[in-house]
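Comments concern the structure below.
The values are calculated or read from the model by the stated rules, or taken from the named source; none is laboratory data. Keep in mind that this is a model prediction, so the values were computed, not measured. Every residue, glycine among them, receives a Cβ derived from its backbone with ideal geometry; neighbour counts consider all protein chains shown. Just so you know, the surface numbers come from the protein's heavy atoms only, side chains and all, with ligands and any DNA or RNA stripped out. Shrake-Rupley method; radii C 1.70, N 1.55, O 1.52, S 1.80 Å.
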Amino acid sequence: FAPALPGTAYSLRSLAPLLGDDQPLAGFESPFLDGKPSPFTKLETLALRYVTDLRRHQPEGPYFLAGYSFGGVLAFEIARQLVEAGEEVPFLGVFDVGPGYRGRHFHPRKPPLKPTLTVPMVPEELEGAGAKARWYADLARRSPADLAENLLIRTGADTYADRFRESRDLRRSGTIHPARRLWYAWRTHWTLARAYTWDDKHYPGPFTLFWADETASTDSTMGWGSVVEG
């Protein structure tokens, strides 16, 4: 199972038990979570790294691969490289992503929505400027640091602040601080996916698309129809 934008296998915690003991599930973890600067400039090269790891874990096929969101695109590229190398891939499962759809907020020049994680944000149920002002006043009393982080995210200034913090971390210790690594992996994955080109891609093997009911795609194949043959 290829990792989604956060780069971890944590999202598989609910799926793995449902498959049973006879269907063990393994998940890749992103190399970006080690806090070192990314050596990858193309998704194809990152996928090759996973192909190498996969073959170290299982030298020969058949290989059964899947991925959700960004992980679906990554699983596609891993499978494509394996098939080109003559390996057998009887199953490639892609969850809720495709060449024709990358999320309702996606734009190639717009950075991804940052996961707020532990940063307190205004509850959606609060209405009116007064209620929100009181919420911010309470946050300022409880945690000025959380207030500052909230305002950075709301204004979009966090993009610059994050890059400054990461550069500072690298100068001081050679690695990005653990508290910032998940977002670094998230953003780096998104950047690689944004640059990934589909014009020369073709996959001849079996392919299964899992599509959430609320997905806002107008293409019945999410764009895979022009890429996948199986």
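I'd like to check one number: the per residue accessible area of the stretch 3-67, probe 1.4 Å, reported in Å² as a whole number.
Normalised by residue count, the accessible surface of the stretch 3-67 is 60 Å².
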Next on the checklist: Rounding to the nearest 10 and keeping the result within 0 to 90°, find how far the Cα-based axis of helix 144-155 lies from the longest principal axis of the chain.
Outcome noted: 60 degrees
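Over the stretch 160-226, what percent of the accessible surface lies on carbon and sulfur atoms, probe 1.4 Å? Mind dumping the intermediate values first?
On the way: 2100 of 3950 Å².
That fraction is 53 percent.
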Checklist entry - How much length, in nm to one decimal, is gained on full extension between ARG168 and ALA137, taken as 0.36 nm per residue of separation minus their Cα-Cα distance? => result 8.1 nm
Checklist entry - Angle between the Cα long axis of helix 70-84 and the longest principal axis of the chain, 0 to 90 degrees, nearest 10? => result 20 degrees
Item to check | Gain upon complete extension [GLN58, VAL122; 0.36 nm per residue less C-alpha separation] | outcome: 18.4 nm
Next on the checklist: What number comes out for accessible area per residue over the stretch 129-203 if the probe is 1.4 Å? Units Å², please.
Outcome noted: 59 Å²
Checklist entry - With θ set to phi - 60° and the Karplus curve 6.51 cos²θ - 1.76 cosθ + 1.60, what are the ³J(HN,Hα) couplings of the stretch 23-31 in order, to the nearest whole Hz, using x for Gly and Pro? => result 10, x, 10, 10, x, 6, 10, 5, x
Checklist entry - For the stretch 30-103, what's the relative contact order in percent, using C-alpha pairs closer than 8 Å and at least 6 residues apart? => result 31 percent
Item to check | Spatially proximal aspartates and glutamates relative to LYS36 (Cα-Cα < 14 Å; intrachain offsets below 8 disregarded) | outcome: GLU166, ASP169
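To the nearest 0.05, what FRET efficiency results for ASP199 and GLU88 with a Förster distance of 41 Å applied to their C-beta separation?
0.95
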Next on the checklist: What is the distance in Å between the Cα centroid of the stretch 1-74 and that of the stretch 130-199?
Outcome noted: 25 Å
Item to check | Value of relative contact order over the chain, rounded to a whole percent, pairs C-alpha under 8 Å and six or more apart | outcome: 28 percent
